[in-house]
Structure formats: structure tokens, C-alpha cells
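For reference, the structure discussed in these notes is given below.
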Amino acid sequence: MARATKINVDTSQRILDVAERLVQTRGFNGFSYADIAGTLGVTKASLHYHFPTKAELGQRLIERYEQRFLDALATIERSGVDAREKLRRYAAIYTDVLRSNRMCLCGMLASDYATLAKPIKEGVKQFFNRNEDWLVAVLEEGRSSGALRFAGSPDVVARGIVGALEGAMMLARSYGEVVRFEAVADRLIAEL
């Protein structure tokens, strides 16, 4: 029984890995279970066994992606660097995704937002809310320590950072030039 459970977990993870890559390169509406089945050499029925609906697959993708992102933010927090360096490291997460010829999973889902199931929409919002919450804390810390200077509410600045980085990713991808993203991220952080 333990071996069957391990095989199921491994298969689920492989499905998620392929689906994540497809969402990050094509968008949620740009792939089907047939694409995943073909890549993995399994039947569509086996995909439905693990993820009965594409909406359930999407929810699980967001949960897994968000957890990894939150783990990366926790690593930044533990590093003990100042607020400005935290922002640089935050932007570097996006840069690493772009360098692997992918886009932010939730950014890609946001572009398909109108067609997504409600639980996926909620997951996308939660992902961005958690990003903004973390950024607000970093901005407040930076303002208090004098490491950062900005006018207005940290909430609005945090939304601007997320929006600018997500948009910069799209443009950099259009040109196939990660340096375009890096220039925007550097400028954004330098202005704080």
C-alpha cells in the first residue's frame, strides 16, 4: 500500500510540474489534459484520477506555487538584510522565473482571470494579497529604519511594486530580454 501511495504522489507531482510549466508558458486556457498526458505518456483518465477537474488542478497549482513563494520570502526574512536588499531579493525571484523562460504562475492566471473558476480566482487574489502584505511590512520596516523613502501609503506602494514587476515581466518576455525586467526592477527599488 505504501508503494502505491508513493506512486500516486509522484504522479501527482509530475502532473503538477508539467501543468505549472504549461501555465507559465501558455496560460491556463492554453493547455489541456491531453497536453499533460502526452508529455507524461499517461492517459487522460489517469490525470482525472489525480485531479478530477482542471479547476481542481488549477487550485492545487496555486497552493503549491504560493507555498514555494512564501518559503522564498521567509528565506529573505531570515537573511537579516535591510529593507532595500529584501526588495532586491524579492525582485530576483521574478528574475529567476524569467530566466527559466517562464512567467509568474499567478500573473499568467490573472491574464485568464475572466474565464477562471471562482476558487482559482480567489487563489490568485490570495497570492497577490500575501505578496502585498509582505511588501507592506518591508516598506514599513524600511521607512522606520530610514533605508527607504517614499510618499504615501505602504499599501499603495506595495501594489505598485507588484503591478510594475508583473508588467515588466510581460514586456521582457515579449522582447525575450531579461535585462529589460532587471532595469525596471532596479529603477523601481532605487526610487524608494
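The values are calculated or read from the model by the stated rules, or taken from the named source; none is laboratory data. Because the structure is predicted, anything quoted here is derived from the model rather than measured. With ideal geometry, Cβ positions are generated from the backbone for all residues, glycine too; neighbour counts draw on all protein chains shown.
Within the bounds of region 134-149, is there any residue that is under 19 Å from the mean Cα position of the chain (by Cα), surrounded by fewer than 16 Cβ atoms within 10 Å (Cβ to Cβ), modelled with pLDDT of 95 or more and not aliphatic (A, V, I, L, M)? Checked region 134-149: no residue is under 19 Å from the mean Cα position of the chain (by Cα), surrounded by fewer than 16 Cβ atoms within 10 Å (Cβ to Cβ), modelled with pLDDT of 95 or more and not aliphatic (A, V, I, L, M). Being in contact with a helix residue (DSSP H, G or I) (Cβ under 9 Å, 6 or more places away or on another chain), surrounded by fewer than 16 Cβ atoms within 10 Å (Cβ to Cβ) and farther than 29 Å from residue 144 by Cβ holds for only one residue in 30, 38, and it is 30.
Taking the criterion of being within 12 Å of the chain's Cα centre (by Cα), closer than 19 Å to residue 29 by Cβ and hydrophobic (A, V, I, L, M, F, W, C), the residues of region 113-130 that qualify are 124, 127. Whenever a residue of region 30-56 is within 16 Å of residue 14 (Cβ to Cβ) and in contact (Cβ under 8 Å) with a residue 40 or more places away in the chain, its partners that are loosely packed, with under 15 Cβ neighbours inside 10 Å and not hydrophobic (A, V, I, L, M, F, W, C), lying with C-beta atoms within less than 8 angstrom and at least six residues away or across chains, give the pairs 50/8.
Applying a threshold of 8 Å to beta carbon distances and a minimum spacing of six or more residues, or different chains, the list of pairs starting in region 71-86 at a residue that is over 15 Å from residue 161 (Cα atoms) and ending at one that is among the small types (Gly, Ala, Ser) reads 82/142; 82/145; 82/147.
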